[in-house]
1. Along the charge dipole of the chain, pointing to its positive end and built from +1/-1 on Cβ of Lys, Arg, Asp and Glu, which listed residue (ASN286, TRP413, SER163) has its Cα farthest out?
2. Provide, in order from the shortest bin, the percent of all Cα-Cα pairs of the stretch 85-150 in each 10 Å bin, continuing until the bin that contains the maximum pair distance.
3. Taking +1 at the Cβ of each Lys and Arg and -1 at the Cβ of each Asp and Glu, which of ALA324, LEU345, TYR379 sits farthest along the dipole of the stretch 312-381 towards its positive end, judged by Cα position relative to the Cα centre?
4. Averaging the inverse of every distinct alpha carbon separation and then flipping it gives the Kirkwood radius. What is it for the chain, in angstrom units?
5. To the nearest 10 degrees, how steep is helix 113-130 against the longest Cα principal axis of the chain, on a 0 to 90 scale?
6. What whole-number value in Å² describes the accessible area per residue of the stretch 74-132 for a 1.4 Å probe?
7. Counting Lys and Arg as +1 and Asp and Glu as -1, each charge on the Cβ, what is the dipole of the stretch 76-235 about the Cα centre in debye, to the nearest 20?
8. Which one, SER330, SER418, SER262, has the greatest fluctuation when you compute a Gaussian network model over the chain with C-alpha springs under 10 angstrom?
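The values are calculated or read from the model by the stated rules, or taken from the named source; none is laboratory data. All values derive from a computational prediction rather than experimental measurement. Here the Cβ positions follow ideal geometry from the backbone for every residue, glycine too, while neighbour counts run over all protein chains shown. Areas reflect the complete protein model, heavy atoms only, side chains present, ligands, DNA and RNA absent. Shrake-Rupley method; radii C 1.70, N 1.55, O 1.52, S 1.80 Å.
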Amino acid sequence: MAPVKQLSLPLESAEGESEMGNPVEPKSTFCSSLIGRVVDRNNLLRALKQVRRNKGAPGIDGMNVDDLLDHLKQHWPQIRQQLIDGHYKPKPVRRVEIPKPDGRKRKLGIPTVLDRFIQQAIAQVLQEEWDADFHDQSYGFRPNRNAHQAMRYAQNTVRQGYSWTVDCDLEAFFDGVNHDLLMEQLKAKHQDRQLLRLINRYLKAGIQINGVTQTSTEGVPQGGPLSPVLSNIVLNQLDWELERREHRFARYADDFVVFVKSREAGERVMKSLQRYIGDSLRLKVNTQKSAVDRPWKRTFLGFTFSQRDQRIKVADKSLLKLKATVKLLSRRTRGHSLKHIIAELRKSLLGWKAYFDIAEVLSPLRDVDKWIRRRLRSYIWKQWGRKGYRMLRRLGVDRWLAWNTAKSAHGPWRLSASPALYRALPNRYFKNLGLPELTAR
């Protein structure tokens, strides 16, 4: 894939006219508008680069990310004019369901590649406009902010004596955002009718399920680049309400917790928040998933805390998800070579490790490291089959131990913890093949 900077695109030039020769409005009036900033050449190049980096599946029109550039070269002048005139109509998003570890399914919308490109361009402008208005304790989908900072803030707050947490779960947040309230918030800050009309059309673009299009009367286009910044705009009102009430809190997108010093205070805050979220934001609180409890008994952003000294710890649920991924990649029926399996595991484990690397309690990660190596020993033993004895001898296991292991009636998983396989396939064997260790710092 060629770098975006080397591409010749039919996008607006810095001189105020398109590279296709079509005149545009003067810079003094048009380019100062928000829609002008959206279709600005530099903004569009940034958006194109981001969409190509993110890749993703095709929408309802079947267009791939690799096809986007050719499409823009042919059609961008007309699309750009439709955006400026307010006539552009987004296509419905394709609804897919992603299996979750608990057996349920997560609903996800996939916009067309063209709409992802336009959404990204809009999101960049909105982010620039709104970021200064967002609260300091809002950490999700913002420049120079991340989940690690949210966890550090939460840890410091708990250690200061706020040892009870109000964990308030918003039920189907992205599907339940009220369109009227969101548009009111946008109109209060922006007067650009073309951009407001375009955002409203994206909100109401509809969802296509099995070829049938359904109207969307609420919710933001989850799965598209626009939804994160819109979610922050919606919940910015909640952040400043919590600030007004002098609460300690941390929020990452729709995941937020409030910290208090007693259970009684937590119960009062929970009831008050449920009323505020329902009345002012017109959203629902999932009472089954919400609770007032100790921080080390709750999960925030995949983490929790140790009870004794409030060190950051990977939550059990996150470890179970990781083990499910490892099981999927290393199942014995795949028939791949060990190097292929480890290459796939390496990619997945390094990504997981990059996110969870701030964990300070390492003992659960050591257990997972041991479990992964044991699973790989089981995989190798199954692949060896009748060659088990010869392979053990070749790898330095003495004759008596190799014979008793090869003739054992136990299955691969039981034998994966045997002395023979530990001697033949020590930890350094997997390390030399590129298998990462979750505990390595």
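1. TRP413
2. Here the calculated profile for the stretch 85-150 is 16, 29, 36, 19, 1.
3. TYR379
4. Computed over Cα pairs of the chain, the Kirkwood hydrodynamic radius comes out at 25.3 Å.
5. 70
6. Per residue, the stretch 74-132 has an accessible area of 48 Å².
7. Dipole of the stretch 76-235, to the nearest 20 debye: 560 debye.
8. Per the Cα network of the chain with a 10 Å cutoff, SER418 tops the list.
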